[in-house]
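Here the structure is laid out as structure tokens; the discussion comes afterwards.
The values are calculated or read from the model by the stated rules, or taken from the named source; none is laboratory data. Everything numeric in this text was worked out from a predicted model, so none of it was measured. Don't worry about glycine lacking a Cβ; one is built from the backbone with ideal geometry, like all the others, and counts go over all protein chains shown. Remember, those area values only see protein heavy atoms, side chains included, never the ligands or the DNA or RNA. Shrake-Rupley method; radii C 1.70, N 1.55, O 1.52, S 1.80 Å.
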Amino acid sequence: MEKIREDVLILGGGMAGLRAAIAAAEYNPGVSVGLVSKLYPLRSHSVSAEGGTSAVLNPKDSFDLHAFDTIKGSDYLGDQDAIEEFVRLVPEQIYTTDHWGCPWSRNPDGTISQRDFGALSFPRATFAADKTGFHVMQTLFSRALKYDIHFYNEYFATKLILADGKPNAVTTINLRNGEFTVFQGKSIIFAMGGAGRLYQFATYAHSVTGDGDAIAYRAGIPLKDMEFIQFHPTGLVPSGILITEAARAEGGYLLDKDGKRFMGTYAPHKFETASRDVVSRAIMWEIEAGRGAKGEYGDMDYVFLDLRHIADKLDERLPMITDIAKKFNGIDAHNELIPVHPATHYTMGGIDSNVKTTTSIPGIYAAGENACVSIHGANRLGSNSTNECLALGNVAGKAAAEYAVSHSFPELDMKQIEEEEKHIWEDMLRRDGGENVAKIREDLRINMDKNVGVFRTEAPLQNSLKNIAALKERYQKITIEDKSSTFNLELEWAFEVGFMLDLAEIITLGALQRKESRGAHYRRDFPDRDDKNFMMHTIATYSDNGPILTYRPVVVTKWQPTVRSY
Amino acid sequence: MNEGPLGWAKFYRKGVGYFAFAMHRLSGLVIVFYLYLHLFVLSHLLSGAATYNSLVTSITYGPYDSFLVLDVLLALVIFYHGANGTRLALNEMGIGLKNHKVMFYFFESIAVVILGVFLYYAYMFIGAA
Amino acid sequence: MEEMVFEIKRTDENGNMKTQSYNVPKDKVSTVLEALLYIKENLDHSLSFRYSCRMEICGSCAMEINGKPHMACSTTTDSLKGQKVTVAPLKHFKVIRDLAVDIDGFLEKYRAVKPYVIRDDDGKYDSEILQTPEQFHEYLDYSLCIKCGICMAACPIEGSDPNYLGPAPLAAAWRYIADNRDQGKKYRLEIVSGEEGTSRCHFAGECTEACPKGVDPSFAIQKLRSSMVGLEFQRLFRRR
């Protein structure tokens, strides 16, 4: 057993984690900062963010407008006080990353360029071609190398240990050599990303398995609004790779199988640039009405994204998706149509936190997709995730460093730690019921796609609960055939599947109990928004008998909920 | 992990730049080897004009005139190395970087022309005498 | 059902090597990464490799496919000729297990070239630094590096001199020098002009041929050299 102490311990090496690490290191060079990730930081899913990041930079734009767009996008489930504060934090982050070398796309006069994006009332998406996340991540990682930040790459976190309501330790497996490693931080930041790989057809990297959410939840930190899963309208068929919303914001059309534009029916003002939940549902309805194309890529129906009329913009503003269409599908976007289908894209829910990034446990902070502030409410606006990672990652880093300065390391709770060590080597690795971890994972994903997808109804949700219970039983009987201590992916998978099963249950239960349609959560049996009963956040708390759901009212400042249409 | 110089000799599915690089190194080694050989031949001058002359004559007119084939190969190697070296020097100063492959062919063509001229005069030298 | 044979060069945790073949149904997979996942999920649970984004942007799954370094995720099975595919770990890196290699040394080299903007006014972030589209395109191509290590595996010098900084770190050095927001040129030129820097490059150009993202490290290295020549000339004339 190896023990490592860092004043500020950051879990997750994505955009929020790196930004927090830099902020903590800058806040006080005397504070030691450790960043633990199950990947290398640059392998995090943040690099896949494409389209842009919203920031109020133009004098003609305003914070209120950005806040209102976000609130309307959230279908009035976002906490308005948090959103108002958040939008004011963003511009500084854009300039900061610019000074650090991020290649933000430029206007001819040398200033940072901005473009339109889904459901924005002002073109405020700051972008680096269609590789925004990639470039920001490269910038942050490179900048982080300037400081004495300790990177612990390829350590897989298994459990957060609390003692007396205070953070005590995080247990991990060093994938490189199988060493059970215990990390201790005076303060801990959760920045482990979302849970999108609960679904089969997802824009997510394979590694996004909700570890952060599940670890926090099991330790007793509540999760918020987990039933809100965003489906991005344009996942490339059949791989699910993201085709950025910018493709539509730059003027791309969605076409049915006969080549007819259909978004006018669903969003008469915004057409293709309506918010993501609206466009995704529109595509699903078109497909259900038999107007989707099919055949070429297995049994999945799809619609087309047409970029032919903006072919001259592709190389400068959308180079990555042009390249992806070519490399993965052999399609030349300049003169061919791209097949797309809605794909899981973002987890609006997460660790219950606020705009100060604190959680219910003092000393534990959450940032990025791992956290639920809630800024995004029931539906995140495109271009509002990377800016959240930057702005709140920064807040979390400073807050955690400040906390670390005035607190000391608690005594390690060896009893719980040894229990966990035993659980890994003597329970998980030695289970022998013959069940294949990968098969359970696949069945879970099929279940989520089918029963907890874009459209939800009572009966399939009940079914999903049953399926998950059955899968949990099978999970007790897994066999890990790989007994190696070095780079044991199968053991990692086993933990991830355990995490995902817990989260799937919370998501399904939340969806079942939310008897209304709001943002990304659409109940066929309750197609209207119900502000009287459900302008509430779902709070899921761990108990041995499954999640306990409670509700907390949304904070409203100056925007009363009204009818939402695009 | 460390492949060593033998790695250079693997041309399978590599580009023209790699060919130029590997050949440059090999030709360099040959030239170094020749330098020592050359010094060895010249060192016969220490033993007087007669010794040296008889050695040179034996290589040029027999019985060891088969060495002349090696001389032709040596010329090939030197011109190759010189031409590619000129290209590399220009490239390293930033000249013609975008067209370095075209430049390779261009300079090597020049090398072939010079080699042709050399062979002509060499033949004339031997043939005339 | 048509099958493809994947011949994988495997290494266990004790360094023992063997080659193992797996038959993968052709219609179940469309890329090499999918094939590896298929093998891992269905045929052999002990196979180890790195992977994450599956869209050629995170840089995890670089490996040698049919004798050349490629990203497994973006190598489609259609693009491979023949029924047999050989897969091996990246060359020039120490193997941890199977197809996963140790990239720490590579990242250390990257860190060594100071791959971040260096400015005297660091810490003042109240507006952007102006950069025209022309200035922007001076460095953009070099900023596309995903740190996959493919160029390091393709570089013949890396094969015989593991201390050579290598294509990606040198390209990163140029990426920041070419950025008009940066003022750290002199520090970086000093680093790359060292014994393990640009002087080791012999312009085989294999890094550029191999790069999956269209970065041109060999070009960058020659640019670094010409900058150094320029600097030397300046010094010479200043002395007179």
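Per the listing A:P103, A:P108, the residue uniquely facing chain C (nearest Cβ under 8 Å) and over 27 Å from C:K147 (Cα atoms) is A:P108.
Set side by side, the residues C:E196, C:E232, C:E209 differ, and just one is of a type in the set (D, E) and assigned to a loop (DSSP other than H, G, I, E, B), which is C:E196. When you scan region A:212-234, do you find a residue that is over 11 Å from the mean Cα position of the chain (by Cα), of a type outside the set (D, E, K, R) and within 14 Å of chain C (Cβ to nearest Cβ), even just one? Yes, that holds for at least one residue.
Just for region A:501-533: of the residues that are over 23 Å from the mean Cα position of the chain (by Cα) and assigned to a helix (DSSP H, G or I), which one is nearest to A:G78 (Cα to Cα)? Only one residue fits best here, namely A:D531. Among the residues of region C:106-139, those that are open to solvent by 40 Å² or more (accessible area, probe 1.4 Å) and under 30 Å from C:E158 (Cβ atoms) comprise C:E108, C:R111, C:A112, C:K114, C:H137, C:E138. Considering the conditions (1) closer than 30 Å to C:M63 by Cβ; (2) of a type outside the set (D, E, K, R); (3) modelled with pLDDT of 95 or more; (4) open to solvent by less than 10 Å² (accessible area, probe 1.4 Å), C:G159 is excluded by exactly one of them, (3).
Taking the criterion of being away from chain C (no Cβ under 14 Å), buried (at least 17 other Cβ atoms within 10 Å of the Cβ) and out of contact with any helix residue (DSSP H, G or I) (no Cβ under 8 Å at 6 or more places or on another chain), the only residue of region A:310-337 that qualifies is A:I310. Of the candidates A:K146, A:K159, the single residue that is part of a strand (DSSP E or B), charged (D, E, K, R) and open to solvent by 10 Å² or more (accessible area, probe 1.4 Å) is A:K159. Mind counting the residues in region A:13-38 that are in a loop (DSSP other than H, G, I, E, B) and either touching a Cys at 6+ places or on another chain (Cβ under 8 Å) or open to solvent by less than 10 Å² (accessible area, probe 1.4 Å) (or both)? Total satisfying the criteria: 2.
Looking at C:A171, C:A178, C:A154, just one residue is within 29 Å of C:M55 (Cα to Cα) and at pLDDT below 95, and that residue is C:A154. Residues that are part of a loop (DSSP other than H, G, I, E, B) and open to solvent by less than 40 Å² (accessible area, probe 1.4 Å) do not occur anywhere in region A:85-97. Where residues in region C:191-240 are farther than 11 Å from C:C151 by Cα and hydroxyl-bearing (S, T, Y), which of them is nearest to the other protein chains (Cβ to nearest Cβ)? Ranking the qualifying residues of region C:191-240, first place goes to C:S226.
For region A:534-561: of the residues being free of Cβ contacts under 8 Å to residues at least 40 places away in the same chain and either in a loop (DSSP other than H, G, I, E, B) or more than 15 Å from A:G78 (Cα to Cα) (or both), which is least open to solvent (accessible area, probe 1.4 Å)? Only one residue tops the list, namely A:S543.
Residues are listed down the side, and each one gets a yes or a no for (1) at pLDDT below 95; (2) in a loop (DSSP other than H, G, I, E, B); (3) open to solvent by 10 Å² or more (accessible area, probe 1.4 Å):
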| residue | (1), (2), (3) |
| --- | --- |
| A:I188 | no, no, no |
| A:D213 | no, no, no |
| A:I221 | no, yes, no |
| A:M226 | no, yes, no |
| A:S239 | yes, yes, yes |
| A:I283 | no, no, no |
| A:K294 | yes, no, yes |
| A:D299 | yes, no, yes |
| A:F304 | no, no, yes |
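Cβ-Cβ distances below 6 Å connect the following pairs, each with a first residue in region C:56-81 that is more than 14 Å from chain A (Cβ to nearest Cβ), a second residue that is of a type in the set (S, T, Y), and a separation of six or more residues or different chains: C:I65/C:T75; C:N66/C:T86.
Checking the structure you have, find out if any residue of region C:222-235 is closer than 22 Å to C:R111 by Cα, out of contact with any Leu (no Cβ under 7 Å at 6 or more places or on another chain) and of a type outside the set (D, E, K, R). Taking every residue of region C:222-235 in turn, none turns out to be closer than 22 Å to C:R111 by Cα, out of contact with any Leu (no Cβ under 7 Å at 6 or more places or on another chain) and of a type outside the set (D, E, K, R).
Going by the conditions given, is A:V56 away from chain C (no Cβ under 14 Å), over 20 Å from the mean Cα position of the chain (by Cα) and not in a helix (DSSP H, G or I)? Against the criterion (away from chain C (no Cβ under 14 Å), over 20 Å from the mean Cα position of the chain (by Cα) and not in a helix (DSSP H, G or I)), A:V56 does not qualify.
With the condition kept exactly as written, say whether any residue in region C:86-94 is free of Cβ contacts under 8 Å to residues at least 40 places away in the same chain and more than 9 Å from every other protein chain (Cβ to nearest Cβ). No, there is no match, as no residue in region C:86-94 is free of Cβ contacts under 8 Å to residues at least 40 places away in the same chain and more than 9 Å from every other protein chain (Cβ to nearest Cβ). Here B:I114, B:I95 are screened, and the one residue that is open to solvent by 80 Å² or more (accessible area, probe 1.4 Å) and either under 28 Å from C:L231 (Cα atoms) or touching a helix residue (DSSP H, G or I) at 6+ places or on another chain (Cβ under 9 Å) (or both) is B:I95.
Any chance region C:1-16 includes a residue that's in a strand (DSSP E or B), over 24 Å from A:V237 (Cβ atoms) and within 14 Å of chain A (Cβ to nearest Cβ)? Checked region C:1-16: at least one residue is in a strand (DSSP E or B), over 24 Å from A:V237 (Cβ atoms) and within 14 Å of chain A (Cβ to nearest Cβ). Only one entry in B:L119, B:L35 is in a helix (DSSP H, G or I) and at pLDDT 90 or above, namely B:L35.
Note on region C:171-190: among residues that are open to solvent by 20 Å² or more (accessible area, probe 1.4 Å), more than 15 Å from A:S142 (Cβ to Cβ) and part of a helix (DSSP H, G or I), the one that is nearest to the other protein chains (Cβ to nearest Cβ) is C:K185.
Residues in region A:469-503 that are more than 9 Å from chain C (Cβ to nearest Cβ), in contact (Cβ under 8 Å) with a residue 60 or more places away in the chain and aromatic (F, W, Y) were compared, and the one that is nearest to A:F180 (Cα to Cα) is A:F495.
Here is a yes/no grid of residues against (1) open to solvent by 40 Å² or more (accessible area, probe 1.4 Å); (2) of a type in the set (S, T, Y); (3) not in a loop (DSSP other than H, G, I, E, B); (4) not assigned by TED's automatic domain parsing to the domain that holds C:C145:
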residue	(1), (2), (3), (4)
C:F49	no, no, no, yes
C:C58	no, no, no, yes
C:E64	no, no, yes, yes
C:D78	yes, no, yes, yes
C:G82	yes, no, no, yes
C:V87	no, no, yes, yes
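Of all residues in region C:105-149, those satisfying the criterion of being without any contact (Cβ under 8 Å) to a residue 60 or more places away in the chain, within 8 Å of another protein chain (Cβ to nearest Cβ) and within 25 Å of the chain's Cα centre (by Cα) are C:L107, C:R111, C:Q135, C:F136, C:Y139, C:L140, C:S143. Check region A:74-89 and report whether any residue there is without any contact (Cβ under 8 Å) to a residue 24 or more places away in the chain and within 14 Å of another protein chain (Cβ to nearest Cβ). No - not one qualifying residue is present in region A:74-89.
Please find, among B:L26, B:L74, B:L88, the residue that is open to solvent by 70 Å² or more (accessible area, probe 1.4 Å), within 30 Å of C:C201 (Cβ to Cβ) and assigned to a helix (DSSP H, G or I). So the residue among B:L26, B:L74, B:L88 that is open to solvent by 70 Å² or more (accessible area, probe 1.4 Å), within 30 Å of C:C201 (Cβ to Cβ) and assigned to a helix (DSSP H, G or I) is B:L26.
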